[in-house]
Amino acid sequence: MRQSKFFTKVSRDIPKDEESYNAQVLIRAGFVDKVGAGIYTLLPLGLRVLQKINQIIREEMVAIGGQELQMPALHPKEVWQATGRWEGFDALFKLKGSDNREYALGATHEEVVTPLAKRHVFSYKELPTQVFQIQTKFRNEKRAKAGLIRGREFLMKDLYSFHADEADLNKYYKTAQKAYFKIFERCGLLDVTYLTFASGGAFSKFSHEFQTVTSAGEDTIYICDDCQIAVNQELIEEHPHCPNCEKTELRQEKAVEVGNIFKLRTRFSDAVDFAVKTAEGDMKPVEMGCYGIGPTRVLGTIVEVHHDDRGIIWPETVAPYQVHLLSLKQEKVAEEIYEALLDRGVEVLYDDRDISAGEKFAEADLIGCPLRVVVSEKTLAQGNKVEVKKRNKQESELVTISRLLEMVKK
């Protein structure tokens, strides 16, 4: 992509109405645009990152048997009344249609997926089965001040699993836990993300959150460094110790909840009378699990974790482009390198603009692609070389163009 053709521009000014670092830098660097409190447009750079996060999530969900579908974001009032949550879900956006019927914007999808499964699953022989979606959600948040970490409109991946008995649900629940850690590893968050015990609410004794430690976090967690698990603040008074080893000396940290998993058990299958025939011929309510990750929240969290005072430092797996190529008045050679990289399937952001070197360096650091390549008269004079610098390193090196092509190929 030639930067001279970019739809968006980098801004030098810090947005005055944004408190969170992720929103400030993503707006400045041209990844997102703010429409309103908790409402953002994903611009071309931001969408590239989000699509990579989505693909990582999609691959890991398919790997554990998930089948992707797409449920509606607009829900009739009746489906929420069936589960008793039309009045009880306080963050629900409600509206009235031209047909004078009441609707809700989807805040979650248990009310839709459970009747759907009921229409297709009749016997224990058809279980377990799992479906997932990556869908826009709407919640009437009272405090949408954390950029992409807490929005009123956001993207969510929901996986729902259906089981003949609790033992099978428990088995799959462990499988989903492992898949989540693979996702966070691939997104560059594994080292600071903890399986966190939380209240199970109306569904079970415990649910589990995946909390990523960052000073920007809205949650407080208590970490057992021996077991590498944590307890969230709402649970710590009742359980002031590690759930695994009973250790009471726990490390307190601020964190962002990037995912959660629940054993729904029969809460929603009971509500819609979703039962299947057992091997003995009896009818038994279906056991359910729910597994959520917010891709837009993951995007914001990556920025909070991976940055320095100059801008974002994207992990290679989710970076908008792998290489940021800067031409300092050496367009002929830079064009040749650009085309050679594209021919090798390398994602390149090519700064071909007629602006100062200082501006190009500053914007490259702000945008945060993993590898910066500079073509200048100075580098070419030293044996037809280019300057290569990794975004997460301080030092740079001069390499030949052929060596550069070998490096990015690897």
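The values are calculated or read from the model by the stated rules, or taken from the named source; none is laboratory data. Please read these numbers as outputs of a predicted model, since none were measured by experiment. For neighbour counting, all protein chains shown are included, and Cβ atoms are generated from backbone atoms with ideal geometry for every residue, glycine included.
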What strands (runs of 3 or more DSSP E) lie completely within the stretch 295-410 and have 1 or more residues being among the basic types (K, R)? 371-376, 385-390
I'd like to check something: does the stretch 151-159 contain any residue that is over 22 Å from F268 (Cβ atoms), in a helix (DSSP H, G or I) and of a type in the set (K, R)? no
I need a count of the residues in the stretch 7-40 that are within 20 Å of the chain's Cα centre (by Cα) and within 15 Å of G368 (Cβ to Cβ). 10
Look through the stretch 323-332, keep the residues that are surrounded by fewer than 21 Cβ atoms within 10 Å (Cβ to Cβ) and touching a strand residue (DSSP E or B) at 6+ places or on another chain (Cβ under 6 Å), and return whichever of them is farthest from P370 (Cα to Cα). Q330
Listing of strands (runs of 3 or more DSSP E) fully contained in the stretch 10-76 that carry 3 or more residues being more than 16 Å from K145 (Cβ to Cβ): 74-76
Selected residue [under 30 Å from D168 (Cβ atoms), charged (D, E, K, R) and within 17 Å of the chain's Cα centre (by Cα)] from E60, E110: E60
Among R119, R85, R101, which is among the basic types (K, R), surrounded by 15 or more Cβ atoms within 10 Å (Cβ to Cβ) and modelled with pLDDT of 95 or more? R85
Mind counting the residues in the stretch 277-312 that are surrounded by fewer than 22 Cβ atoms within 10 Å (Cβ to Cβ) and either over 16 Å from the mean Cα position of the chain (by Cα) or on the phi > 0 side of the Ramachandran plot (or both)? 14
Which number in (1) part of a loop (DSSP other than H, G, I, E, B); (2) closer than 29 Å to I39 by Cα; (3) free of Cβ contacts under 8 Å to residues at least 24 places away in the same chain marks the one condition that E185 misses? (1)
Give the residue, chosen from E246, E234, E257, that is within 30 Å of T114 (Cα to Cα) and over 23 Å from the mean Cα position of the chain (by Cα). E234
Which ones in the stretch 195-229 are within 24 Å of R143 (Cβ to Cβ) and among the hydroxyl-bearing types (S, T, Y)? T196, S199, S207, T212, T214, S215, T220, Y222
Which residue pairs have Cβ atoms under 6 Å apart, sit 6 or more places apart or on different chains, and have a first residue in the stretch 9-24 that is farther than 21 Å from I355 by Cα and a second that is at pLDDT 95 or above and hydroxyl-bearing (S, T, Y)? none
